[in-house]
Amino acid sequence: MEASDDAEAEYAAFKQKVKKTVYIDNLSPLATDAVVKTALGQFGNVLNVQFIPNYIGPSNMPAAALVEMENERQAMKIIEETADFPFMISGMPRPVRALPAEMEMFDERPRRPGRTIQCQWLEEKDPDFEVAQEIKYLVKKHATEASHLLKQQLAEEEKLHNKHGETLKANHKKYELIDRVLADGSARKLGNCYNIKLQDN
């Protein structure tokens, strides 16, 4: 009975943890624990950042993480703010997305009390064998399609990143030109030529 009570308490504590945890994706592959904590610290106290490993995709794909906040209210604040306004972390050209965490996202989730799982091999003569084969085929098909879409997404984000970089350089050159014109007196000469009065400040 005591073991059952402990399992119930552990599962209840885990459910509370899930409620105050946010799933964040579209993170830059370069984003670190400290970067995520700093970015989301404005919404409350970040207790833990757990990056979800990518075992099969390319290393430059957008990353995802589970971010545990101090309470459920802080977690909901992140979800609401990122839904209403673009929120960028670590220079990723695509705004991050925040969603409520789900139990299945956690590797260390405890077993639900009273739940049992049964596994068995299916023989070809089993009536469910064809269904299992179809599911296996669909899983492979989905993985191939997801990989193709991911490559397209990365290509689009690379284009957007390059475009942002070009815009930043162009704006920097404009400000440099304005500074030079003001510093060498060209702006005042042009103002006198066209009868435009310029302020000293």
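Structure notes:
- Number of the condition not met by residue 187 [criteria: (1) within 34 Å of the chain's Cα centre (by Cα); (2) of a type outside the set (D, E, K, R); (3) assigned to a helix (DSSP H, G or I)]: (1)
- Pairing residues of segment 152-164 that are within 16 Å of residue 26 (Cα to Cα) with residues that are among the polar types (S, T, N, Q) and not in a helix (DSSP H, G or I), at Cβ distances under 7 Å and at least 6 apart in sequence or on separate chains, gives 154/60.
- Among the numbered conditions (1) in contact with a helix residue (DSSP H, G or I) (Cβ under 7 Å, 6 or more places away or on another chain); (2) without any contact (Cβ under 8 Å) to a residue 60 or more places away in the chain, the only one that residue 112 does not meet is (2).
- Count of residues meeting criterion [of a type in the set (Val, Ile, Thr) and in contact with a Pro (Cβ under 7 Å, 6 or more places away or on another chain)] in segment 23-36: 0
- Tally, over segment 1-32, of residues that are more than 20 Å from residue 99 (Cβ to Cβ), outside any loop (DSSP other than H, G, I, E, B) and free of Cβ contacts under 8 Å to residues at least 60 places away in the same chain: 7
- Complete set of residues in segment 99-142 that are within 25 Å of residue 22 (Cα to Cα) and surrounded by fewer than 10 Cβ atoms within 10 Å (Cβ to Cβ): 104, 107, 108
- Any hit, segment 79-95, residues being out of contact with any strand residue (DSSP E or B) (no Cβ under 6 Å at 6 or more places or on another chain), at pLDDT 90 or above and within 29 Å of residue 168 (Cβ to Cβ): yes
- Taking each residue of segment 75-86 that is in the same structural domain as residue 45 (by TED's automatic domain parsing) and looking for partners that are not in a helix (DSSP H, G or I) with beta-carbon atoms closer than 6 Å, six or more apart or interchain, yields 75/20; 75/22; 75/69; 78/22; 78/98; 79/98; 82/98; 86/95.
- Per the conditions (1) modelled with pLDDT of 85 or more; (2) loosely packed, with under 10 Cβ neighbours inside 10 Å; (3) over 30 Å from residue 16 (Cα atoms), the sole criterion not satisfied by residue 145 is (2).
- Scan of segment 165-184 for residues that are in a helix (DSSP H, G or I) and more than 30 Å from residue 26 (Cα to Cα), ordered by number: 173, 174, 175, 176, 177, 178, 179, 180, 181, 182, 183
The values are calculated or read from the model by the stated rules, or taken from the named source; none is laboratory data. All values reported here derive from a predicted model rather than from experimental measurement. Cβ: placed from backbone, ideal geometry, glycine included. Neighbour counts: every protein chain shown.
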